[in-house]
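The values are calculated or read from the model by the stated rules, or taken from the named source; none is laboratory data. All of these numbers come straight from a predicted model, not from anything done at the bench. Positions of Cβ are backbone-derived with ideal geometry, glycine not excepted, and every protein chain shown enters the neighbour counts.
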Amino acid sequence: MREGGFDVTSDETTALFAQLVEEGVLTEADSVFWELLTPQRARRLVEVLKRRTRYITVVLEAVDDGHNQAAVLRSADAFGVQEVSIVEGRASFSPSEGVSKGAHKWLTIRKHPDIHAAVRFLREQGYRIWASRLDDNAVPLEAVDLSQPAAFLFGNEHAGLSEEALALADGSFIVPMVGFVQSLNISVAAAITLYTVTRRAREVAGDRYPLTTEEQRAVLQTWLRTATPKTRRVAQELARKATEW
């Protein structure tokens, strides 16, 4: 099996599994799923996992358009942001699969009943809350303080963030623009934001930026059970047998 111009052998993936077990990222019980993966898929899962972060996260409040929802998920996956929080508005959270390209399968998506619950959860996790808003107090994106974990809030396509969300935020930020139209589509604004802050946060946070061992374990074990139709079937069968016992 070739990956990126190099052969990826089954012996190498066996050694990789042993390494992950030694690190505490996987357990021996996970071998039943690992062995169902191609060497290329197994290697790719670990490469992506090692670049994931919870240091940066994104919150969508009442973003109703399924295309925008999906585009933000795709950006989160692309820039290694593992968790996305959702507060539904008038429409349910139903990202367009044609736009997301399956990104939702690799993310931890948390739904909250309202913005108060979302912010409370994030504060308990140690996040500083930043609201996307064009106002006199907003700081340029490049100047956002990333010395602690940061959550970036984006609001409805037309109305923006609610007054409740703005009141709960620790600060507001803007994506600097030089054109006549001083606004961006929410999915574009989120993509620029995630690209910028993840790049900066890697340098600022250092060893605090990647997922912890426990977080890696939770994410990779979920991925292993959902990575392919075959692993999903095995996971469902094991779950069924567990209920019978």
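Worth pointing out:
- Enumeration of residues in region 199-213 that are free of Cβ contacts under 8 Å to residues at least 24 places away in the same chain and either under 22 Å from Lys105 (Cα atoms) or touching a Lys or Arg at 6+ places or on another chain (Cβ under 6 Å) (or both): Thr212
- Condition met for Thr213 (modelled with pLDDT of 95 or more, among the β-branched types (Val, Ile, Thr) and closer than 12 Å to Leu49 by Cα): yes
- Hits in region 7-47 - residues which are surrounded by 15 or more Cβ atoms within 10 Å (Cβ to Cβ) and within 16 Å of the chain's Cα centre (by Cα): Leu45, Val46
- Residue in region 62-79 that is in contact with a His (Cβ under 7 Å, 6 or more places away or on another chain) and either closer than 21 Å to Ala118 by Cβ or β-branched (Val, Ile, Thr) (or both) present: yes
- Qualifying residue in region 200-219 (condition: closer than 30 Å to Glu35 by Cα, among the β-branched types (Val, Ile, Thr) and more than 15 Å from the chain's Cα centre (by Cα)): yes
- Output for region 121-136, where each listed residue is at pLDDT 90 or above and surrounded by 13 or more Cβ atoms within 10 Å (Cβ to Cβ): Phe121, Leu122, Arg123, Tyr127, Arg128, Ile129, Trp130, Ala131, Ser132
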